[in-house]
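Just below is one structure, and these are the notes that go with it.
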Amino acid sequence: MHTAKSIFKISFISHWRIVRLVVGLTLLFLIASCNTRSTSEQHLETARGYIAENKLNAAIIELKNALQKDPDQPEGRWLLGNVYLQYGRGAAAEREYAIARDLGYTENKLAQGVLRSYLLQNKYQEVIDHTATSAEGKTLSADILGLRGEAFEGLNLPQKAESSFKQALAMDSDSINARLGLARIALDNNNHEEARKLITEAEDIAPNEVDMLILKGELALRENNPEAAEQSYAQAAAIAYYNITAQFGLVRALLAQNKYDAAIEPLKRVNTLSPNHPMVSYFQAILALRNNDVESARTHLQRVLKALPNHAESQLLMAQLLYSKGQLEQSQDFLKAFLGQHSDYIQARKLMAAVQIRLKESEAAIDTIKSIITSEGESPQLLTMLARANIESGAVNTGIKLLERALEMAPDNPQLRNLLASAYLNQDSADQAGSMLEVAISETPDILQSKVLVVATHIRNDEHQAAVTTANDLTNINPDSAMAHNLLGVAYNRSGNTKLAREQFEHALKLDTELISALYNLAQMEKVQGNIEMAEKHYQEILNINANHLQTLLQIARLEVERGNNDKMIEFLEQARAGNPDAIRPRVILSRYYMAIGNKGKLIEVAPESAKLAPEDDDVGLLLGQAQHLNGRSNEALKTLTALQKKLPDSTDILYELARVQSDLGNFDAASNNLDKVISLMPEHIGALRMRIDLAIRNNELSLADRYANKLKKLQPDSSATATLRGDIHLSENRFDEAIAAYEEAYQVDRSFTNASKLTRAYQVSGNPNKAMTVLEQWLAEHPETAIKHYENVLEKEPNDTVALNNLAWLHIEKDISHAHELAEKAYNLVPENSGVIDTLGWILVKQGKHEQGIELLRKALELSPDSPDMRYHLAYALVATGDEQRARNELDMILASDNVFLERTKAEDLYVTIK
């Protein structure tokens, strides 16, 4: 079972700014009834005093009392907006500021308050739009430039954000907001020194600035200094007790120090500020796990997931908890939900593979692990997991090869040696197990060979005492033999006595200063003990003796990978490749890495070298075929894979890769035949089943496709891809309702563009264009850049595709409204009776200030689709723009009277408040 500490570390996966968003959750206040003060001004004066004393709850009560007596009190509205702002209630603050402005309030900081309220609601584009006029004409103030920078941050435009912050700083050298903005950007770029410099400058100017203290705490956490983080967050929380970000930051810092009891107090404070806040339950789950109270942890996580069904950290923590209890199916369910949001999160994918292995879903586990290796590269852990899955599926030979590769990467791992020996023994190959240990036999004089082999066999069989005794005898007989002492050091090290092992290695080096095996063994000991600098020193000593020592170069490459220096890793692997022309290992690693990063040119250069060195190695041959295929050399890949298939006619891996190549070459019949062979040999081969279904649909073999789809659903009942294939089949059969149900199922699991577009098309052909538009608009709002690129590609091939024209127009409204108008008008000319297209053009005209023309089109769209709440909202917005608030209110009443959910309901509600 994971310890509470390890679970905590795994669970904090989201970017730190996500934590800041929790302040946006609704705070519930118990507003006391009015006291006996008789005038609005008296309540206002009392509120001012409470604000000065930082008693914000009391201030809210007095301000509400004041406004109850005089609703048109502009300063009261402004002050209430300011207080809401401090609590993180952006929408509430915006409403109060709007009323204050309408009442004629002219406080020059009102505009800043409005912009800050937008930021709290993630209305980043609105901030940019509201400051655009000044940006083009009059000089913006430093404060406004700082807020503009925050908006660019929110839009993930760091260069523009940095530019705005620097402009603000040039205008006001004491600008705290600008410095903190630049510090956040530096922190995002892992430039901790620059972030620290900027935070320190901000602290010198305003030592009690809450946002500065919060950012200082975040930097400390990033640098694994939770004690300093605790100090900063505690100071921030003391100044602004109502700041939930500060309170949660304090909890994180305390948990990182295992101060579990101390973390309870800030959680209580959050609970007082925001009763039943789901994140409180999340942290309570971590505390419960610390006390091994698994059931309480589970209850807390259930509360989180009831309030926030898509809270990823809780999904992952629940999956880990259930896995530790052996509840594998339930663990898998939560992992699927988590991976639906964070498909690239490696720890979760590894856990999924572990679950699949224990559930004996071997093929699914193999697919999962291979996908991780493709994106992350090989590691001993992943190769071991892949080996287990292959052995479980019956592919023992493949499993052995994988374990051998893992052991080559981690030669000192006893668990790997045991697993490999067990696999060999299962094949009645015990002789191979006896020769696994390489103790620099090539450096040993012939006279010592027999004794060395005896010691190696003892070590391999974990007969530690016998190994030490035999090696000791060897040193007694040959006291001046460096190799004998080196071997005794290996025996001691494997027995766990690292002190005596080190002594023997060092003694061996006194006898022979250039004994590479002793230097290598010392380096490995230092590495295991975390002394990386010393390990690197020994590696360098080896390279000074032999600049191309293979194992040393591979170990250095691994260190560079762990540091994230992939370029340096490639450099050392290429050195190993160049200096060891007969070594296959660096070539295989490089080939797989180049395949993972999509460097097709290097891949096709290196993979053939591996094949030349090991022409009989089937895995290397398969790698060559894949490299040729990826480089567009499909005919060469066909030749390579066909030769392999003749040699191994029943290899499902080869047959499957061959089918993929044949399909790309347009030989669908041959591809189908090979896929049928794969499925007959391995009925649960997921990839083959999916591809065969695609080809069956293409060939109109719908009954066959349906049969395989049902089989796939049994194997993967919750798979998005499986549901999508079922939808494809139903759509081909014109069974629209069933197709929509399948696509909906897929879309709920994986909100990809493919699934969104398939669901949209199903709604369109079934005669429900409004629903189709809603689905697509929602996806477009969530993934605008991906969508823009997609639709531009569509229009390159089909310039008159009205769906692409309409949707691309919508996406460009906030970016380039003139281009949006051009696209929408073209779509309108092609389909002048399509309500969605009409609505898009009408909305663009309204946004361009052409209200009358826009309203005319919006009314036409509503006549065609009278039940569309989003279209009705657009009309209401346009009416407000022309001053016709009464008709706008009537339109809004129609769509807000019920609890129906629609895409722009929040905007409709906000608009209603402004005209009520």
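When the C-alpha to C-alpha distance is required to be over 32 Å, the pairs from LYS612/LYS677; LYS166/LYS797; LYS216/LYS499; LYS166/LYS568; LYS123/LYS850; LYS109/LYS771 that qualify are LYS166/LYS797; LYS216/LYS499; LYS166/LYS568; LYS109/LYS771. In the chain, helical runs assigned H by DSSP with n ≥ 4 each contribute -39500 (n - 2.57); averaged across all residues and rounded to the nearest 500, the mean residue ellipticity at 222 nm is -24000 deg cm²/dmol. Between 0 and 90 degrees, rounded to the nearest ten: what's the tilt of helix 414-426 against the longest Cα principal axis of the chain? Once rounded, the angle reads 60 degrees.
Mean sequence separation of contacting Cα pairs (under 8 Å, at least six apart), scaled by the length of the chain, corresponds to a relative contact order of 4 percent.
Note on the chain: percent of Cα-Cα distances in each 10 Å bin, starting at 0 and stopping at the bin with the largest distance, equals 2, 9, 15, 19, 20, 16, 10, 6, 3, 1, 0.
What is the gain in length, in nm to one decimal, between LEU648 and ASN191 on full extension, counting 0.36 nm per residue of separation less the C-alpha to C-alpha distance? Each step should come with its number before you reach the end.
Values: separation 457, 0.36 × 457 = 164.52 nm, distance 5.27 nm.
Between LEU648 and ASN191, full extension yields an extra 159.3 nm.
For a quick check: sort PHE668, PHE152, PHE165 by the number of other beta carbons within 10 angstrom, fewest at the front.
On the way: PHE668 15, PHE152 22, PHE165 29.
Fewest-to-most Cβ neighbours within 10 Å comes out as PHE668, PHE152, PHE165.
Once you reduce segment 676-739 and segment 216-253 to the center of their Cα atoms, the two points are 52 Å from each other. Ordering of 393-399, 188-194 by packing is 393-399, 188-194, highest average first (other Cβ atoms within 10 Å, averaged per residue). One chain, two ends: ARG735 and ILE545. Fully extended at 0.36 nm per residue, the span grows by 61.1 nm beyond their Cα-Cα distance.
With both labels modelled 7 Å from their Cα along Cα-to-Cβ, the ALA228 to ASN258 distance reads 2.2 nm. The relative contact order of segment 637-758 comes to 15 percent, based on Cα pairs under 8 Å that sit 6 or more residues apart. Considering the options SER663, HIS300, ALA627, tell which one lies farthest towards the positive end of the dipole of the chain, charges being +1 on Lys and Arg and -1 on Asp and Glu at the Cβ, about the Cα centre. Going by the charge dipole, the pick is HIS300. Taking the alpha-carbon centroid of each part, what is the distance from segment 568-636 to segment 72-120 in angstrom? Their Cα centres are 63 Å away from one another.
Over segment 246-341, Cα pairs under 8 Å with separation of 6+ residues give a relative contact order of 17 percent. With everything on Cα atoms, drop me the angle between helix 516-528 and the longest principal axis of the chain, reported from 0 to 90° to the nearest 10. Computed tilt is about 30 degrees. So which lysines pass the test for LYS350, namely a Cα distance under 18 Å, with those fewer than 8 places away in the same chain ruled out? Within the straight-line limit of under 18 Å, LYS350 reaches these lysines: LYS9, LYS325, LYS336, LYS360, LYS370. Applying 1/(1 + (r/R0)^6) with R0 = 30 Å to the Cβ-Cβ distance of ALA578 and SER375 gives a FRET efficiency near 0.65.
Of the residues LEU841, LEU255, the one with the fewest other Cβ atoms within 10 Å heads the list, and the complete ranking is LEU255, LEU841.
If packing is taken as the average count of other Cβ atoms within 10 Å, what order do 560-572, 673-685, 233-245 fall into, highest mean first? Don't skip to the answer; put the middle values down first.
Working: 560-572: 15.5, 673-685: 18.9, 233-245: 21.8.
The most tightly packed comes first, giving 233-245, 673-685, 560-572.
Computed packing ranks the peptides 483-489, 75-81, 290-296, 885-891 as 483-489, 75-81, 885-891, 290-296, most packed first, by mean other Cβ atoms within 10 Å.
Fewest neighbouring Cβ atoms within 10 Å first, the residues LYS602, LYS714 line up as LYS714, LYS602.
Computed from the coordinates by the stated procedures, all read-outs in this text should not be read as laboratory data. As the structure is a computational prediction, the values presented were derived from the model and not from experiment. Here the Cβ is made from the backbone with ideal geometry for all residues, glycine too, and neighbour counts use every protein chain on show.
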